[in-house]
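Data block below; observations after.
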Amino acid sequence: MSRVFSEIELLFQERIAEEYLGEDVKLVEHMLQCGDLARVTGAPDYLIVASLLHDIGHLLVEDAEDGHASGVDLRHDFVGAQWLEERFPATVSEPVRLHVAAKRYLVTTNHDYLSKLSHASVQTLYMQGGPLNQEEVIDFISREGAEDAVRVRLWDDLAKVRGKATSSLADFKSAIDSLAIERE
């Protein structure tokens, strides 16, 4: 078993019961649903893994619930991406880094998008900076991984169904192992 898969498996096991910050779904359940959504669309492995692990930053931050309750953005997107970039190529870590910015981008550029967000996502939108201004839109869309981040974000929005049957983490092992950078 790869070291990277083992690390992810341990994080998932330790935090399996954790609720997803104001959403009606557990965090690990949400992440598995997101990975499944990417898989059923025929996304490449790197994007499936990015989708599966897009919220890993929440699992890495011990006081995520307290920060959320007090209105503080603990930057789970950056925490997660930093952790992932030590273990995967940028094709995995950059969509994770940009998935919050993708929500802000979609709110700015798609007039119907805000109405489709869950109540919790609307609350965090404003904690995360709200809609982008025009300069930020141009900067975002020009970044490597931005288009993939938008795809991850759209799956993220759909992956909030409590009790929905999902694949297990083990079902993603081959994709994780094929992309993992094993360091000594």
Within the stretch 122-142, is even one residue in contact (Cβ under 8 Å) with a residue 60 or more places away in the chain, in a helix (DSSP H, G or I) and touching a His at 6+ places or on another chain (Cβ under 9 Å)?
yes
Could you tell me which of the residues A101, A90 is among the small types (G, A, S) and surrounded by 15 or more Cβ atoms within 10 Å (Cβ to Cβ)?
A101
Counting only residues that are touching a Leu at 6+ places or on another chain (Cβ under 9 Å) and assigned to a helix (DSSP H, G or I), which one in the stretch 14-30 is farthest from L53 (Cα to Cα)?
E14
Failed condition for A165, given (1) surrounded by fewer than 13 Cβ atoms within 10 Å (Cβ to Cβ); (2) under 14 Å from R39 (Cβ atoms); (3) touching a residue at least 60 places away in the same chain (Cβ under 8 Å)
(3)
Got a number for residues in the stretch 109-120 being touching a helix residue (DSSP H, G or I) at 6+ places or on another chain (Cβ under 7 Å) and either touching a residue at least 24 places away in the same chain (Cβ under 8 Å) or within 12 Å of A149 (Cα to Cα) (or both)?
3
For the stretch 128-162, which residues satisfy the criterion of being of a type in the set (V, I, T), surrounded by 13 or more Cβ atoms within 10 Å (Cβ to Cβ) and at pLDDT 95 or above?
V137, I141, V150, V152
Being loosely packed, with under 14 Cβ neighbours inside 10 Å and either acidic (D, E) or touching a strand residue (DSSP E or B) at 6+ places or on another chain (Cβ under 6 Å) (or both) is the filter here; which residues of the stretch 8-23 pass it?
E14
Of (1) more than 13 Å from L52 (Cβ to Cβ); (2) more than 17 Å from the chain's Cα centre (by Cα); (3) in contact (Cβ under 8 Å) with a residue 40 or more places away in the chain, K173 fails just (1)
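The values are calculated or read from the model by the stated rules, or taken from the named source; none is laboratory data. Computed from a predicted model, the values in this text were never measured in an experiment. Positions of Cβ are generated from backbone atoms using ideal geometry, with glycine treated the same way; all protein chains shown enter the neighbour counts.
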